[in-house]
Amino acid sequence: MAHSGLQREVLHLYRRSLRNAYSKPPATRDKFVLYVHYNFRHPSKGGGVSKRDVSTIEYLIRSWHKTLEMWETGALRDCWVTKDMWEWGQSQKLLRQPR
């Protein structure tokens, strides 16, 4: 299946974000990975956006680029995730137990 330019950009950003999350310290890596999955898949975030809603997708891409630039500086060692994120991660079988 051929992807549009916007779909390729989102997939590239998702992969880049996961690569960056896996480069974080082992003690906090799960939080970063959960943060990426949640923001790309959760229905209230990127997972709930229609493929035809181009302006919202472009906005989310721009905002996620800013987040990723901050992550890639290397100064960020930990991130904060909410209880809702942990519960969602467990329901999706992304996590074993909250920490």
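The values are calculated or read from the model by the stated rules, or taken from the named source; none is laboratory data. Quantities reported herein were computed from a predicted structural model and do not represent experimental measurements. Heads up, the Cβs are rebuilt from the backbone with ideal geometry, glycines too, and the neighbour counts pull from every protein chain shown. When the accessible area is computed, the model is the full protein with side chains, heavy atoms only, and any ligands, DNA or RNA have been set aside. Shrake-Rupley method; radii C 1.70, N 1.55, O 1.52, S 1.80 Å.
Applying the set (1) touching a Lys or Arg at 6+ places or on another chain (Cβ under 7 Å); (2) in a helix (DSSP H, G or I) to CYS79 leaves exactly one unmet item: (2). Among the residues of the range 1-42, those that are charged (D, E, K, R) and within 21 Å of TYR59 (Cα to Cα) comprise ARG8, GLU9, ARG15, ARG16, ARG41.
When residues in the range 26-56 are screened for being under 12 Å from VAL10 (Cα atoms) and among the aromatic types (Phe, Trp, Tyr), 1 of them pass.
Looking across the range 1-31, the residues that are over 23 Å from LYS93 (Cβ atoms), assigned to a loop (DSSP other than H, G, I, E, B) and of a type in the set (A, V, I, L, M) come down to MET1, ALA2.
Considering the range 59-76 alone, what residues qualify as being in a helix (DSSP H, G or I) and among the aliphatic types (A, V, I, L, M)? Residues satisfying the conditions are LEU60, ILE61, LEU68, MET70. The residues of the range 5-31 that are over 11 Å from the mean Cα position of the chain (by Cα), open to solvent by less than 50 Å² (accessible area, probe 1.4 Å) and more than 22 Å from TRP86 (Cα to Cα), listed by number, are GLY5, LEU6.
When the range 32-54 is filtered for residues that are among the hydroxyl-bearing types (Ser, Thr, Tyr), open to solvent by 40 Å² or more (accessible area, probe 1.4 Å) and either more than 15 Å from GLN7 (Cβ to Cβ) or assigned to a helix (DSSP H, G or I) (or both), the ones remaining, listed by number, are TYR35, SER44.
Reported count of residues in the range 57-80, each being open to solvent by 50 Å² or more (accessible area, probe 1.4 Å) and either free of Cβ contacts under 8 Å to residues at least 24 places away in the same chain or within 17 Å of LEU11 (Cβ to Cβ) (or both), is 10.
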